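In what follows, a structure is listed as structure tokens, so that the remarks can point back to it.
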Amino acid sequence: MRPEDVSLTPLSQGVTLDARIEVVEPLGNEMLVHCATAAGMFICRVPGQKAPPVGEAVPIHFAFEKFHLF
């Protein structure tokens, strides 16, 4: 999954996983948020300068059409 395809805000259709914030990387106009889940690590791109703090439990969301298994 690409970081821009993983969201902290709910989507109309797709997959939701329970996650815990592990790392927050500020990049100027956006942040990369590293999330640990039972399915592994995911990184989501968050616009702006606000992201949940490290250690917080959050749901992450992604659309079915962006999900690819290899």
Would a scan of region 7-21 turn up a residue that is among the charged types (D, E, K, R) and modelled with pLDDT of 95 or more?
yes
How many residues of region 1-35 are touching an Asp or Glu at 6+ places or on another chain (Cβ under 7 Å) and within 22 Å of Phe64 (Cβ to Cβ)? The answer is 1
Picked from region 12-67 (must be touching a residue at least 24 places away in the same chain (Cβ under 8 Å) and loosely packed, with under 10 Cβ neighbours inside 10 Å), the residue nearest to Arg2 (Cα to Cα) is Phe64
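The values are calculated or read from the model by the stated rules, or taken from the named source; none is laboratory data. Owing to the predicted nature of the structure, the values given are computational and were not obtained by experimental measurement. Glycine also receives a Cβ, built like all others from the backbone with ideal geometry; neighbour counts cover every protein chain displayed.
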